[in-house]
Amino acid sequence: MFVVTVEFVLVPEHVQRFLVEMNANAEASVRLETGCHQFDVCTGASGTVFLYEVYDSEAAFQLHLKSPHFLSFNETTLPWVADKKVATYQRSYPVPQRRHMELGA
């Protein structure tokens, strides 16, 4: 599984509007993208928002970046973001259910 984390620092007066747009993007991603399995939106102090996203593969994430809901979200919210950090990972545990069954566990 391919994991993406994103940390946003938001312009303070746009936090609530950003969250409305972000939650809609997260919901659409899980509902419409077969390769997106998890999309957590977490809020922190001082206008920070942290995302934890799980995809089948990096290719599935690249499809997400081209999806209409992401492109609309990104265009709308870009002026509201003071800073953004993205990191990617390969998840080693838990093992996806299909793989777990293949191993005979």
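Within the stretch 34-63, if we keep just the residues that are on the phi < 0 side of the Ramachandran plot, assigned to a helix (DSSP H, G or I) and free of Cβ contacts under 8 Å to residues at least 40 places away in the same chain, the residue that is surrounded by the fewest Cβ atoms within 10 Å (Cβ to Cβ) turns out to be Ala45. Inclusion of Val15 among residues that are β-branched (Val, Ile, Thr) and within 15 Å of the chain's Cα centre (by Cα) is not warranted. Only a single criterion out of (1) closer than 18 Å to Thr34 by Cβ; (2) surrounded by 15 or more Cβ atoms within 10 Å (Cβ to Cβ); (3) not hydrophobic (A, V, I, L, M, F, W, C) is not satisfied by Thr77, namely (1).
Residue check: is Ser46 at pLDDT 95 or above and hydroxyl-bearing (Ser, Thr, Tyr)? Spelling it out, it is not the case that Ser46 is at pLDDT 95 or above and hydroxyl-bearing (Ser, Thr, Tyr). Taking the criterion of being closer than 19 Å to Gln16 by Cβ and of a type in the set (Gly, Ala, Ser), the residues of the stretch 29-52 that qualify are Gly44, Ala45, Ser46, Gly47. When restricted to residues that are among the hydroxyl-bearing types (Ser, Thr, Tyr) and either at pLDDT below 95 or crowded, with 16+ Cβ neighbours inside 10 Å (or both), the stretch 5-33 contains 1. If you go through the stretch 64-73 and pick out every residue that is polar (S, T, N, Q) and open to solvent by 50 Å² or more (accessible area, probe 1.4 Å), you end up with 1.
Could you list all residues from the stretch 64-93 that are assigned to a loop (DSSP other than H, G, I, E, B) and in contact (Cβ under 8 Å) with a residue 60 or more places away in the chain? Result: Arg91, single match.
The requirement of being hydroxyl-bearing (Ser, Thr, Tyr), under 19 Å from Leu19 (Cβ atoms) and at pLDDT below 95 is not satisfied by Ser72.
The values are calculated or read from the model by the stated rules, or taken from the named source; none is laboratory data. Bear in mind the structure is a predicted one, so any value in this text is a computation, not a measurement. So basically every Cβ, Gly included, is an ideal-geometry build from the backbone, and we count neighbours across all protein chains shown. We work out accessible area using only protein heavy atoms, side chains counted, and drop any ligands, DNA or RNA first. Shrake-Rupley method; radii C 1.70, N 1.55, O 1.52, S 1.80 Å.
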